[in-house]
Amino acid sequence: MTSQAGTIEPPRGQRYTGAIITDKIADLVLVRPMHWGFYVGFALSTALTLLFIVAISYLFAKGVGIWGINQPVAWAFALTNFVWWVGIGHAGTFISAFLLLLRQRWRTSVNRFAEAMTIFAVAMAGLMPILHLGRPWFFYWLIPYPDVMDVWPQWRSPLVWDIFAIGTYLIVSLLFWYMGLIPDLASLRDRARSRLAQVGYGLAALGWRGEARHWARFETAYLLMAGLATPLVISVHTVVSLDFSFGLVPGWHSTIFPPYFVDGALYSGFAMALVLAVPMRVVFRLQDFITVRHLAKVGTLTLVTGLIVAYSYCVEVFNAYYSADAYEIAMIHNRYFGPYAPIAWSVVLCNIVIPQALWSRKLRQMPLALFTVAMVVLIGMWLERFMIIVPSLAQDFLPSAWHMFYPTFWDLATLAGSIGAFAFLFLLFLRFLPAISMSELRRDAREQPIVAR
Amino acid sequence: MTDASHLYSLVAEFSDPERLVTAVRRCREHYEQVDAYAPYAVEGLPEALGFERNRVPLVTLIGGILGGVGIYALQWYSAVIDYPINSGGRPLDAWPVYIIPTFEITVLGAALAAFLGMLLLNGLPRLNHPIFNAPDFDLASRNRFFLSIRASDPKFDLNDTRRLLSGLDPIRIIEVPA
C-alpha cells in the first residue's frame, strides 16, 4: 500500500469486485492518501472558518448593529444566507430518499456525500437566524418545554414552525445518513489497523456484524426513512417560504412561494452537488464510481429545476400585474428597474440564461463546464434570495420609510465564513468517513458491473 | 458424540452469496439455530433463514402516531388551556396552523422509531459478539459470506455438522470458541 491516491484499482477494463470497492473507498479514510488539491482546499476553508469565528465573536460582543441592516431593511444577509443554505441542503436528501424510492440505482455513488452536504448546509442555515437574534442565547425559547416562566411558543407564528421544520429536517437527515453509514463503519472497523481507529469506528458501528436478519430490518427501516424524508424535504422549504408569504410585504405575500422556494432549493442543491463532486472525484480518484454519466444526470436535474425557477419568475411578474395591486406592481418595477436592478438582472443571467447551456448533451459530459455552470447557479440563487428579501423591504408601502441596504465588512465576512465552515466540515467528512456507500456499491456492482477506466 | 461445550458455533466461509443461500437452505433442513452473515443485503437470504416477522414497520407507525398525537395535544393544551393569548380575536383552537408542527413531529417520531426500532430489534448496540472470534470474520464486511450453526442447537454434533458443512463447497470451516 502506498500513499498515492487510489492505487487500489483493478487493471483497466476489469470489473471492480466487492473487495476492491471496499479497499479503495476504505483506504481513502484509513490510509489517507494526500493530494495537493486537498491541502489547498483545507487551508482555504480553515482560514475562512477562522474568519467565521471572528465574525461571530464580534457579533456576540457588539450586536447586530455591526451589519448593514436598518429600518425598514431588518432582514438582509443573515436571512439570505439562511434561505440559501437551507435550499442547498435539499438536494442531498432528495437525491438519497426520492431516488431510492424511484429505484434509480445510479444514486448509490452520489448519495453519501450529498447527504453529508445536506447536513453541513442545514447546520450553516440553522446558525443564521440564531445569529440574527438580538439575544441569540435565548434561541431555545422557541422550543416548547415546561419552563418556570410559564410561557409557550406562539403556534400561529411561522417562525415557530421554522424551528420545527429545520430541527426535524436536521435530525431526520442525520439519522438517515448515520443509518446508511453503520455497515460502512463496520467495514472500516474491520479494516483499520490502528487501535484508535478500530475502537473509534467500532463504537460508531454499534456492533454491526452483517447478520442476514439485521440486514432485512435495516433495509426496511432505510426504505421507511426514505419514504418519510421525501415529504419532509418538500415541507422544509415550504415552511421557510411561509416566513415570507405570511407577511404583507409586497413581493413576499404570494401563494406561489412554497413551490417556488422548494424548486429553487433543489436547483441550488443540485448545483452544489456538482460543485463538490467534480473536484472530489479528481482529488480522490473516484472517476470510476462517480462517472461522467452521474454528473450528466445531476446536470439534467439542474436544468429541469432551473426551468421551473424561470417559470416562477415569470409567474411572479404576471401575478403582480394580474393582482392590479399598486404596491405589487410598484415592487416589480423597483425590482427590475429600481436601485437593485443590477441584482435582479444578474439573477436572470445566472439562473435563466447561462444554465440553458445544459441543453447541450456534449456540455453535460464535460465536468469542468458543469462545474462552471453550477457555480454560476449558486451565485444566482444567492442573489435571488437577496432579491426577494431586501428590495421588497427597502421600498415598501410608504416612500418616507424607504431606505437602502448596503452590506458591511461583517455581512460579507459572515457569508464567506459560512461557506468556509461548510467546506471545512465537508473536507473533514471526506477524511474520516467513506465518501461513497461501500455496502450499496458492493451489492450493485454484482448486477451492474463497474469497470475500471 | 464429540464434546462441543467450548464452542459457540461452527462457521463455514463462502465466496459468493448464491452458495451461501443454498447452504442456508440445506442447513435449515436439519438445524434451527442457523445464522448468516453477508457484506450487503442478499436477496432471499432472510427468507431462507425463516425470517418472517419484521416488526420495524409497526414500530415506525407507532412512533409516528405518538409523535403526531403528542404534539397536537401539546399545541392544543398550551394555546387553549394553559396560555391563551387573544391575538386579534382569532380562535384559540387554531387547528389549521397546528398541522405544520404536527406533520413535522409525526415524521420525526416515525423516523426516530424506525432507527431505534431497527437497532433494538437487532439487539444493537452491542460491544462484542462471539462470532467476532472467528478468524477471517473481518471479511464479512468486505467480500466473504458466512454461515454459522450454533453449538446450542439440540441437533448440533461437531462431526456431523462439520460433515454437512464441508459438503456445501465452503472456502473453509472454522470452529468459533464461545
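Only the coordinates and a few stated rules stand behind these numbers; no lab work does. Just so you know, these numbers come straight off a predicted model, no measurement behind them. Here the Cβ positions follow ideal geometry from the backbone for every residue, glycine too, while neighbour counts run over all protein chains shown.
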**Request:** Could you tell me which of B:101, A:430, A:322 has its Cα farthest along the dipole of the protein assembly as shown towards the positive end, charges placed at Cβ (Lys, Arg +1; Asp, Glu -1), taken about the Cα centre?
**Result:** A:430
**Request:** Take peptide A:222-229, look around each residue's Cβ out to 10 angstrom, count Cβ atoms belonging to other protein chains, and average those counts.
**Result:** 5
**Prompt:** Taking a ≥ b ≥ c as the square roots of the eigenvalues of the Cα gyration tensor of segment A:218-275, is the shape rounded (a/c under 1.5), prolate (a/b larger than b/c) or oblate?
**Reply:** oblate
**Item:** Nearest 10 degrees, 0 to 90: helix A:257-283 Cα axis against chain A principal axis
**Value:** 40
**Fill in**
Counting sequence-distant residues (5 or more places) and residues on other chains, those with an amide H built under 5 Å from that of residue B:14 are B:145, B:146, B:147, B:171
**Item:** Among B:112, B:92, B:158, residue whose mean-square fluctuation peaks in a GNM of chain B (springs only between Cα atoms under 10 Å)
**Value:** B:92
**Item:** Other-chain or far-sequence residues with amide H under 5 Å of residue B:9's (modelled H)
**Value:** B:151, B:176
**Complete:** Any trypsin sites (Lys or Arg not before Pro) in segment A:1-83 that lie in a DSSP loop and have at most 10 other Cβ atoms within 10 Å would be A:12
**Fill in**
Applied in sequence order to segment A:416-429, the curve 6.51 cos²θ - 1.76 cosθ + 1.60 (Karplus, θ = phi - 60°) yields integer Hz couplings, x standing for Gly and Pro, of 4, x, 5, 5, x, 5, 4, 5, 4, 5, 5, 5, 5, 4
**Candidate lysines - alpha carbon under 27 Å from residue A:297, same-chain residues fewer than 8 apart omitted** = A:24, A:362
**Request:** Could you give me the radius of gyration and the Dmax of segment B:56-121, taking only the C-alpha atoms into account and expressing both in angstrom?
**Result:** 14.8, 50
**Complete:** Under 19 Å by backbone N from the virtual spin label 7 Å along Cα-to-Cβ at residue B:32, the residues of segment B:136-161 are B:148-158, B:161
**Request:** Provide the net charge surrounding residue A:133, with neighbours chosen by a C-beta distance below 15 Å and charges set as Lys +1, Arg +1, Asp -1, Glu -1.
**Result:** 0
**Message:** Between 0 and 90 degrees, rounded to the nearest ten: what's the tilt of helix A:18-30 against the longest Cα principal axis of chain A?
**Reply:** 60
**Asked** By how many degrees, 0 to 90 and rounded to 10, does the Cα axis of helix A:367-394 deviate from the longest principal axis of chain A?
**Response** 30
**Item:** Phi-based couplings in Hz for segment A:225-240 (Karplus 6.51, -1.76, 1.60; Gly and Pro marked x)
**Value:** 4, 5, x, 6, 6, 5, x, 5, 4, 5, 5, 5, 6, 4, 5, 4
**Asked** Contour minus end-to-end for residue B:52 and residue B:152, with contour as 0.36 nm per residue of separation and end-to-end as the Cα-Cα distance?
**Response** 33.8 nm
**Prompt:** In whole percent, what relative contact order does segment A:36-447 give with Cα contacts below 8 Å and a gap of six or more residues?
**Reply:** 31
**Asked** Under DSSP H, which helices of chain B have Cα atoms covering 15 Å or more of the helix axis and a Kyte-Doolittle average no less than -0.5?
**Response** B:56-76, B:95-121
**Prompt:** Sorted by average packing, counted as other Cβ atoms within 10 angstrom per residue and highest first, what order do A:228-238, A:90-100, A:139-149 take?
**Reply:** A:90-100, A:228-238, A:139-149
**Request:** Can you bin the protein assembly as shown into rounded, prolate or oblate? Criterion: square roots of the alpha carbon gyration tensor eigenvalues sorted a ≥ b ≥ c, rounded for a/c under 1.5, prolate for a/b above b/c, oblate for the rest.
**Result:** prolate
**Item:** For residues of A:148-161, the mean tally of beta carbons on other chains within 10 Å
**Value:** 4
**Message:** Based on alpha-carbon centroids, what's the gap between segment A:295-310 and segment A:1-71 in Å, whole number please?
**Reply:** 26
**Complete:** Taking the alpha-carbon centre of each part, the distance from segment A:173-192 to segment A:260-293 in Å is 22
**Request:** Using label points projected 7 Å from each Cα along Cα→Cβ, tell me how many nm separate residue B:133 and residue A:317, to one decimal.
**Result:** 7.6
**Complete:** Quick shape check on segment A:1-122: root eigenvalues a ≥ b ≥ c of the Cα gyration tensor, a/c under 1.5 is rounded, otherwise prolate if a/b tops b/c, else oblate, and it reads oblate
